[in-house]
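Working notes for the structure below.
The values are calculated or read from the model by the stated rules, or taken from the named source; none is laboratory data. Model, not experiment: these values are computed from the prediction. Quick reminder, even Gly has a Cβ in these numbers, built from the backbone with ideal geometry, and neighbours come from all protein chains shown.
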């Protein structure tokens, strides 16, 4: 019989159980670390933050790039910001800004459009530019849509079974609209999750790819060109192209700069510069940083912070 002074849980059996539990926990932790190290899905912490008027919105890189594409298409069509807010709220509700390859019945994409209802082929609907244009084509046909409640305007386009659901997305959509149209400098910033350039692992960028994407999403609203002063760099004037609607150059510049950061993960962007500020993939956790006078780490001394150009440098 055990001594009456021996407390339960303090004997040899309890010590052995504690040792086994400790080993199991350590093995599990080591296994998880190995899994994260070998995981091909990318850095765990990669993501984007949008800040506007005291509000902060966290997005995945894919969500950020899709939102930036919708905004660029709205700009290409010279639509009012209310149109963009309606589109973003709709995409937030329908797909959480993810380009889904599935949905209710044959619904697909950012806006859950259906091939059977005339929105386009499966491939077309899964192209965010086509999907955005289709949404805006329907929206602009609604008389006085900018003055309608967001739920009413979105429902006129979507014919959803839950029209009031769009209302809960209006605040986030408004935050995104303010940021993506350049009203606040540096309102959108993304992290790579590992503070390494996107060239890591052999993932190279292409200036031709960046130019083609700018042309596709912004149309004739932008005029990108190779920057003769910097290798692997596209320079985009922040002033509107000839014939485009007048806009504040600084605001347009930040719209373009933040578009580039939002697309950094898929276009393999290494650096974005505008208005004396830099975003560097290799120092992405620092966000937008002031550009040093003579060109600091990762910067070229040839860059002028006041020349009105948005510079997008791809990884090499």
Would you point out which residue out of 219, 298 is touching a helix residue (DSSP H, G or I) at 6+ places or on another chain (Cβ under 8 Å), on the phi > 0 side of the Ramachandran plot and modelled with pLDDT under 95?
298
Would you mind stating whether residue 164 is in a helix (DSSP H, G or I) and under 22 Å from residue 63 (Cα atoms)?
no
Would you confirm whether any residue within region 104-125 is part of a helix (DSSP H, G or I), modelled with pLDDT of 95 or more, within 25 Å of residue 220 (Cα to Cα) and touching a strand residue (DSSP E or B) at 6+ places or on another chain (Cβ under 7 Å)?
yes
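Any idea which of 94, 134 is in the same structural domain as residue 55 (by TED's automatic domain parsing), under 15 Å from residue 71 (Cα atoms) and at pLDDT 95 or above? So that I can check it myself, show each step before the final result.
Values: 94 fails: under 15 Å from residue 71 (Cα atoms).
When all the criteria are applied, what remains is 134.
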Go through region 115-138 and give me each residue that's crowded, with 19+ Cβ neighbours inside 10 Å and over 23 Å from the mean Cα position of the chain (by Cα).
119, 120
Restricting region 301-316 to residues that are surrounded by fewer than 16 Cβ atoms within 10 Å (Cβ to Cβ) and over 18 Å from residue 268 (Cβ atoms), which is modelled with the highest pLDDT?
307
Region 55-74, subset modelled with pLDDT of 95 or more and not in a helix (DSSP H, G or I), residue surrounded by the fewest Cβ atoms within 10 Å (Cβ to Cβ)
58
